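Each remark here refers to the structure printed beneath this line.
Every number here is computed from the coordinates shown, using simple stated rules; none is lab data. It should be emphasised that the depicted structure is a prediction, and the values quoted were computed from it without experimental measurement. Backbone-built Cβ (ideal geometry, glycine too); neighbour counts: all protein chains shown.
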Amino acid sequence: MESEKQHDDNHRRQPGQSPPRLLREIPFHTLPNYSGPYSVGIMEIEVPVREPRTFSRIKRNHMHALRMDTVLFSIFYPCDTSSYAFDKRKRPSKATWLPRPRALTCKGYAKFFSLPHLPVTAYIAATTMFTKLPAFRNAKLASNSTEAAPHPSTSLPDQDTLPESKDKPRFPVIFFSHGLGGSRTCCSAVCGELASNGFVVIAMEHRDGSGARSYVNIPASGKLASDLNIDKANPKGSYRADYIFPLDNALDTSPNNTRGVDIELRHAQIEMRMAEIEEAYFVLQQLNDGQGDLIEENNLRKKGNAGASSKGLEDIDWSDWEGRLWLRSATAMGHSFGGATTVEIVRQGDRFPYIGQGILLDAWGQATPKVGDITHQSLRKPILAINSEAFMHWPENFRKLTEIAQEVKTGGALCWMMTIKGSTHLSQTDFAILYPHWMSFFMKTMVNPRRAVYLTANSSLEFLRQVMPPEFTAGNVWVDEGILQTETLIANELPRDHQPDDKWIASHLRVPNETRLRIAKGIRRRNPKASTVATDINGKPLFGLVDIPLGSEVWMHQCPNQEELECCGTKPVRETDFGMMPTVPLRAKTPGIEIRDEALSKLSEFHALICSFDQVQEYRIFRDLPSPDEAYINITPHPTWVEAVKMV
């Protein structure tokens, strides 16, 4: 009862303001408002890359298939809605969920699913063609902390402004990578949830042939990776990047495909994805350094260009962004193939020193490179893996994720691996929310799709609170459901009640007594007060096909024990011969030096020695010495302890 009360209290906190729904949106499928204390803004940026180039020798139609000329992403961020109170004529603008140009994007999805485009376009037009994101386009970056956030009303504020903190808050960064067939908005529910809790989320749109369709605008300079035959029917100077099917192995994603994954294509795509994230990080550096005007000047998503809205980046006050981002200890996060991408990003610590941890959403383990395929580095940073039940029943994929978790533990970092009960592969995406009946009847999804998103976001927040530097999380009011404290399953004893037949592995679940369950679901809806399931921020029960009691909605496969939490976490909880061992932000002058003094015997002396360095950003306790190819300061104050001071 106490945990249920805590959940109820957490979910009835006052959420940030959301844009009002217009009459024309009512007939269409909608996305839920975000539950965090911040309102959410969104902007779309496409800029030329610094060095246009191609990846691998793979070609289609005698041209390089993987080419990087520009980088495209959406930024979800905490925003301030007070400007709408002062200007009554100014209506909040919202971005469409389906990327523009919408009709041509529908054709891209038809090609991805190998279906005729007319019925696909007609169905999407009748359901989500005009669905909008519940975020304010080009809104002002929030200048208030969550402690100062007001209680929003059901309409936009009339006169009160958001109270500003004396010191404007800085926000940590998350890079989000979509899966096959995805786009920068396909996981907007998760990205927006995290943004509403104080994160700046960079939702990538990869042009590596993994998305259904994306449009690349050609820079005014004409500088491209290689010669390109522009479609003469498209005089505006753009080309499209469609999904690339592996030659002679189109179903390399299928668990029952005896030929396996097209390693050459998938690894080349991961290489290009990582390069795109490097370009996005460079843009964030410009943004944080006060060069927003330069970004707007170079932006290709402006009126008249392919895929752009008429708004472009107008009304953004770039001065608000200067110095407002934490660009160290950023989080890499991805769904499916994006999860495989995240693993490789976190591995390459020398190439991505600003990445501090990774979150894998139902990662495609079979496409994840092994150590040595792309890099010889191994995982040494914290990882959270949130799987679907459908993928849990895919033995090879689950085995691969287990190996990744073990790699993290061997590297001396924290790792959690869990499964959301009753979920299928798309449960962490917007498709599950927008098309819940399709997911329920065809995929046999049993968890409420909105609850799956909340579980994903709240688990991620609990994880980030554990592993991020303390100054990043100070003063937050995040929901804490204690999901990561779920008791671990006995090894090799996976629940099999919903395991499907082999031909449906990874895509479906098995639902015993399905007809009876669907009838019972209708009865439960008529008597919501008798339910023990979780509720949304308004107290409405989040019914799924089956009732999954609050507090038992996930299976935990791996998690750190208390000793590992104390050794590797960011909290000063390790009791040693010197007393409580603190973990605090520090600085050090020279990377890579090594100090050994076994005579140190007092915590005060040890702490004073550490604090004498003025450029160390953080230090943590590691069980083993780190690999020599990484920049560390190693301090051994006692023969039985090794302290690793990591250079960022």
**Request:** Sort ASP497, ASP252 so the one with the fewest other Cβ atoms within 10 Å of its own Cβ comes first.
**Result:** ASP497, ASP252
**Request:** Work out, step by step, the length gained on full extension between ALA103 and ASP497: first 0.36 nm times the residue separation, then minus their alpha carbon distance; give nm to one decimal.
**Result:** 137.7 nm
**Entries of LYS94/LYS302; LYS59/LYS400; LYS400/LYS421 with Cα pairs more than 23 Å apart** = LYS59/LYS400
**Request:** Rounded to whole Hz and in sequence order, give me ³J(HN,Hα) for the stretch 556-564 from the Karplus expression 6.51 cos²θ - 1.76 cosθ + 1.60, θ = phi - 60°, writing x for Gly and Pro.
**Result:** 9, 9, 9, 7, x, 7, 4, 5, 5
**Message:** Just to check I understand the Karplus step: with θ = phi - 60° and J = 6.51 cos²θ - 1.76 cosθ + 1.60, what whole-Hz values come out for the stretch 409-426, glycine and proline as x?
**Reply:** 5, 4, x, x, 10, 7, 8, 10, 9, 9, 10, 7, 4, x, 9, 10, 4, 8
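Is the stretch 258-327 rounded, prolate or oblate when judged by the Cα gyration tensor, a ≥ b ≥ c being the square roots of its eigenvalues, rounded requiring a/c under 1.5 and prolate requiring a/b larger than b/c?
On the way: a/c = 3.89, a/b = 1.77, b/c = 2.19.
Verdict is oblate for the stretch 258-327.
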**Cβ-based exposure ranking for TYR109, TYR34, in which fewest neighbours within 10 Å come first** = TYR109, TYR34
**Item:** For LEU325, distant residues with modelled amide H under 5 Å away
**Value:** PHE171
**Request:** Go through the stretch 463-469 residue by residue and turn each phi into a ³J(HN,Hα) via Karplus (6.51, -1.76, 1.60, θ = phi - 60°); whole Hz please, and just put x for glycine and proline.
**Result:** 5, 5, 5, 6, 10, 7, x
**Asked** Looking at the square roots a ≥ b ≥ c of the eigenvalues of the Cα gyration tensor of the stretch 358-493, which shape do they give, rounded for a/c under 1.5, prolate if a/b is larger than b/c, or oblate?
**Response** oblate
**Asked** Can you put TYR239, TYR123 in order, fewest other beta carbons within 10 Å first?
**Response** TYR123, TYR239
